[in-house]
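*Asks:* This is the structure I have questions about; it appears just below.
Each value in this text was obtained by applying a stated rule to the coordinates, not by laboratory testing. The structure presented is a predicted model; accordingly, all values stated were derived computationally and were not measured. As a convention, Cβ positions derive from the backbone with ideal geometry for all residues, glycine included, and neighbour counts pool all protein chains shown.
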Amino acid sequence: MELELLVRVAHLYYDEELTQQAIAKKLNMSRSLVSKLLAKAKEKGIVKITISDEVNRPHQSLETQLMRLFGLSEVIIVPSDSGADNQRLAQEAGRYLSRRLSEVTKVAVSAGRTTREIAEHLSVPKSYFHVTFIPMSGGLSEEYATIEANSVSEVFAMKCGSKSMRLHAPILVDSAQAKEILKKQHFIKNTMDAARTADIALVGIGNTFRYAEIKEAYLHGYNAGELPDSKHIKGDLSYNYFDKNGKAVDNTWNSLLIGLNLEEIRKIPEVICVADEVVKAESIYIAAKSGLIHTLITNEMVAQKVLWYYAKCYGLNTRRGEERC
């Protein structure tokens with residue numbers, strides 16, 4: 001008898017959309033009893049409420065699939081049907097970062113146009129005085145000063161009412177001896193130590209040697225075989241060039257880089273990767289499967305291409321095993 005009453009009350013409220021007061025009058029009972037019966041109907045599983053977020057998250061199933069396949073903690077996908085994909089992606093990344101700032105104290109930031117754009121479009125509801133933004137690599141030439149990690153960290157700090165640190169060193173030095181000397185300087189060591197112990201890192205990703213001007217500025221005089229554009233390079237994360245297994249490529253560039261290396265980046269609890277170019281899909285695929293990144297924010301076309309690489313190498317209908325490519 002009680003079960004029939006619970007079903008009837010639930011039907012009147014959810015299907016016929018009567019108010020609790022109207023149901024109480026119709027069934028000759030108090031409104032408080034109607035409320036208790038509706039609560040009991042949910043408790044017993046007669047009423048099951050599902051929240052659909054398809055308007056705000058139209059690619060939720062794709063996000064879930066990528067999280068499951070790669071063991072990612074979060075995937076956010078924006079539609080690829082807009083002419084302002086870059087801006088929309090930057091805004092979405094900024095919203096995600098804003099949600100995380102209450103829980104962290106140190107944010108490591110990579111250089112690049114992507115992170116710069118996120119910083120410029122960032123809007124936060126309050127100041128985060130407890131947060132410090134830290135560059136992950138040394139400085140670039142004056143021509144590209146706006147996208148170097150120092151500059152991007154300062155923009156983030158200004159927008160968030162936070163602090164920032166500076167890495168007073170070039171992105172590349174001339175020799176291993178020079179690198180060792182610089183690493184021991186307290187003003188460099190302090191910044192690097194802070195970046196290594198960051199709670200989260202915000203990075204872009206590259207698919208080739210992206211900055212020819214940097215190569216020419218810093219690697220002039222080296223043999224062609226030492227340049228970081230070999231066939232083994234599949235991508236870069238904060239200027240660290242990696243191979244198809246997500247391991248650092250053994251070349252002059254990586255060995256003389258002033259910045260966090262791949263293994264140091266891998267140890268940061270959450271590495272947030274933001275990318276919007278389809279040509280970077282293979283690099284993202286490798287970074288995700290090798291544990292270099294934990295959170296991915298991208299657009300639909302890139303996400304589908306990453307999935308294509310997974311299907312090509314593992315097959316979507318089989319358990320993950322030996323890679324076929």
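*Asks:* DSSP loop (so not H, G, I, E, B), at most 11 other Cβ within 10 Å: list which trypsin sites (Lys or Arg not before Pro) in segment 107-142 pass both filters.
*Replies:* Lys126
*Asks:* Just grab the label-to-label distance for Glu43 and Gln177, each label 7 Å out from Cα along the Cβ direction, in nm (one decimal).
*Replies:* Each label point lies 7 Å from its Cα, and together they span 7.9 nm.
*Asks:* Taking θ = phi - 60°, what integer Hz values does the Karplus form 6.51 cos²θ - 1.76 cosθ + 1.60 yield along segment 176-193, in sequence order, with x for Gly and Pro?
*Replies:* Values per residue, Gly and Pro as x: 5, 5, 4, 4, 5, 5, 5, 4, 8, 5, 4, 6, 8, 4, 4, 5, 4, 4 Hz.
*Asks:* Loop-only chymotrypsin sites (Phe, Trp or Tyr not before Pro) in segment 69-159, please: DSSP not H, G, I, E or B, and at most 12 other Cβ atoms within 10 Å.
*Replies:* Those satisfying the criteria are Phe129.
*Asks:* Starting from 0.36 nm per residue, how many nanometres of slack lie between Met29 and Leu5 once their C-alpha separation is accounted for?
*Replies:* Result for the pair: 7.5 nm of gain on full extension.
*Asks:* To continue, here is another question. Multiply the residue separation of Lys36 and Asp193 by 0.36 nm, subtract the distance between their alpha-carbon atoms, and state the gained length in nm to one decimal.
*Replies:* Extra length from Lys36 to Asp193 when fully extended: 50.9 nm.
*Asks:* Given a Förster distance of 30 angstrom, what is the FRET efficiency for Arg68 paired with Asn245, based on the Cβ-Cβ distance and rounded to 0.05?
*Replies:* The calculated FRET efficiency here is 0.90.
*Asks:* Within segment 117-154, report the GluC sites (Glu not before Pro) that DSSP leaves as loop and that have at most 10 other Cβ atoms within 10 Å.
*Replies:* none
*Asks:* Moving on. So between His130 and Arg95, what do we pick up on full extension, going 0.36 nm a residue minus the alpha carbon distance?
*Replies:* 10.8 nm
*Asks:* I need the calculated FRET efficiency for the pair His232 and Lys163, taking r as the beta carbon distance and R₀ as 35 Å, to the nearest 0.05.
*Replies:* With a Förster radius of 35 Å, E is 0.35.
*Asks:* Can you flag which of Lys106/Lys179; Lys159/Lys184; Lys179/Lys231 are past 28 Å Cα-Cα?
*Replies:* Lys159/Lys184
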